[in-house]
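**Q** First, the structure itself, so that you have it in front of you.
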Amino acid sequence: MTMLQVSDLTFKIGSTQILNGVDFTIEAGETVGIIGPNGSGKTTLFNCLSGFHIPSGGAIVYQDKSITKMKPYRRAELGIGRVFQNFAVFKEMTVSENIVTALESRMSPWKTFFPWSKQNKINKQKALEYLKEVGLEEKAEDKAGSLSGGQMRLLEIIRTLAFGAELFLLDEPTAGVSPKMKEDVANLIKLLMKEGKTIIVIEHDINFIHKFCKRIIVLDVGRVVLDDTPENIRTSPVLQEVYFGNGKAANG
């Protein structure tokens, strides 16, 4: 089943063209890496997919529904979860409250209005179960802002799972993360894969995404110039041209 279809997507600011006719399709359950040099349009693409930018042209279809001009919150309700390059946890809340908030967002407010309600207790227990998956249960009552960068990243991703996302947009999940925590992030992505989630990862480290991606898309000056297996991408002369040439690869 097709989860996401992007067709001839364009985006420009003033006279500056950032996306130049991006085309690709993602099947349900796929894990796809997106790489490319700075300025290639990776984050702009994610902004268009998650609703923070409205494309200048083209179409985005998610689970057979056009979302090209849909508001970000509506896309989130449909199951599109975004994890940003900069940490976006609620730092003044506890680690557990970050997860509870995600769980509550899927429910009627009347079920969770009273702190002593049965549903509130259930949510707190579920939050601990989510945190246990990423080794953060002992940090449950700590402020989220006290976590390390890697722990914040784990919290962000598992909170997105608690929110009910089916499509995960992970924007450089290893940015600001220690080498040891990179392994934890990779293991969490593998957990999402086991649960059948669809994942798109923007990442500079091809060795990192090679651990779980069977397909990599390469962007250059706002266009898809390669879409292949990691093995074929590594040996492609187009990849060398993209990173060390002058951008001619994107123009044929």
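The values are calculated or read from the model by the stated rules, or taken from the named source; none is laboratory data. Only a predicted model underlies this, so the values are computations on that prediction, with no experimental measurement involved. Counting neighbours? That spans all protein chains shown, and the Cβs are built from the backbone with ideal geometry, glycine included.
**Q** With respect to residue 226, is the statement that it is within 17 Å of residue 34 (Cβ to Cβ) and in the same structural domain as residue 28 (by TED's automatic domain parsing) true?
**A** yes
**Q** So, residue 15, is that one assigned by TED's automatic domain parsing to the domain that holds residue 225, at pLDDT below 95 and surrounded by fewer than 19 Cβ atoms within 10 Å (Cβ to Cβ) or not?
**A** Details: assigned by TED's automatic domain parsing to the domain that holds residue 225: yes; at pLDDT below 95: yes; surrounded by fewer than 19 Cβ atoms within 10 Å (Cβ to Cβ): yes.
Spelling it out, residue 15 is indeed assigned by TED's automatic domain parsing to the domain that holds residue 225, at pLDDT below 95 and surrounded by fewer than 19 Cβ atoms within 10 Å (Cβ to Cβ).
**Q** So which residues in segment 196-216 are of a type in the set (D, E, K, R) and more than 15 Å from residue 27 (Cα to Cα)?
**A** Hits for segment 196-216 are 203, 205, 211.
**Q** Tell me, yes or no, whether segment 154-174 has at least one residue that is buried (at least 18 other Cβ atoms within 10 Å of the Cβ), free of Cβ contacts under 8 Å to residues at least 40 places away in the same chain and in contact with a Leu (Cβ under 9 Å, 6 or more places away or on another chain).
**A** Yes, there is a match, as at least one residue in segment 154-174 is buried (at least 18 other Cβ atoms within 10 Å of the Cβ), free of Cβ contacts under 8 Å to residues at least 40 places away in the same chain and in contact with a Leu (Cβ under 9 Å, 6 or more places away or on another chain).
**Q** Still on this model: In segment 9-35, what count of residues is obtained for those that are part of a strand (DSSP E or B) and farther than 23 Å from residue 233 by Cβ?
**A** Residues meeting the conditions: 6.
**Q** Pick from segment 176-198 the residues that are part of a loop (DSSP other than H, G, I, E, B), of a type outside the set (Val, Ile, Thr) and in contact with a helix residue (DSSP H, G or I) (Cβ under 7 Å, 6 or more places away or on another chain): which of them is surrounded by the fewest Cβ atoms within 10 Å (Cβ to Cβ)? So that I can check it myself, show each step before the final result.
**A** Initially, segment 176-198 is screened for residues part of a loop (DSSP other than H, G, I, E, B), giving 176-178, 195-197.
Pick out the ones that are also of a type outside the set (Val, Ile, Thr) and you get 176, 178, 195-197.
From the residues that got through so far, the ones that are in contact with a helix residue (DSSP H, G or I) (Cβ under 7 Å, 6 or more places away or on another chain) too are 176, 178.
Numbers: 176: 15, 178: 12.
So the residue we want is 178.
**Q** Among the numbered criteria (1) assigned to a helix (DSSP H, G or I); (2) at pLDDT 95 or above, which single criterion is violated by residue 170?
**A** Residue 170 satisfies every listed condition except (1).
**Q** Is segment 149-167 home to any residue that is aliphatic (A, V, I, L, M) and within 24 Å of residue 244 (Cα to Cα)? Lay out the reasoning, then the answer.
**A** Here is the first cut: in segment 149-167, the residues aliphatic (A, V, I, L, M) are 152, 154-155, 157-158, 161-162, 165, 167.
With the extra rule that they be within 24 Å of residue 244 (Cα to Cα), the set shrinks to none.
No, because not a single residue in segment 149-167 is aliphatic (A, V, I, L, M) and within 24 Å of residue 244 (Cα to Cα).
**Q** If a residue must be of a type in the set (Gly, Ala, Ser) and touching a residue at least 60 places away in the same chain (Cβ under 8 Å), how many such residues does segment 175-211 contain?
**A** The total comes to 3.
**Q** Out of contact with any helix residue (DSSP H, G or I) (no Cβ under 7 Å at 6 or more places or on another chain), outside any strand (DSSP E or B) and within 30 Å of residue 136 (Cα to Cα): is that true of residue 39 in this structure?
**A** Spelling it out, it is not the case that residue 39 is out of contact with any helix residue (DSSP H, G or I) (no Cβ under 7 Å at 6 or more places or on another chain), outside any strand (DSSP E or B) and within 30 Å of residue 136 (Cα to Cα).
**Q** Select, from 166, 141, the only residue that is more than 21 Å from residue 26 (Cβ to Cβ) and acidic (Asp, Glu).
**A** Matching residue, one of 166, 141: 141.
**Q** OK, next. Just need a number here: residues in segment 54-73 that are part of a loop (DSSP other than H, G, I, E, B) and in contact with a strand residue (DSSP E or B) (Cβ under 6 Å, 6 or more places away or on another chain).
**A** 4
**Q** Exactly one condition in (1) among the charged types (D, E, K, R); (2) under 22 Å from residue 4 (Cβ atoms); (3) under 14 Å from the mean Cα position of the chain (by Cα) is false for residue 153; which is it?
**A** Here residue 153 meets the rest and fails (2).
**Q** Then there's this: Does residue 168 meet the test of being of a type in the set (Phe, Trp, Tyr) and touching an Asp or Glu at 6+ places or on another chain (Cβ under 9 Å)?
**A** No; evaluated as a whole, the condition is false for this residue.
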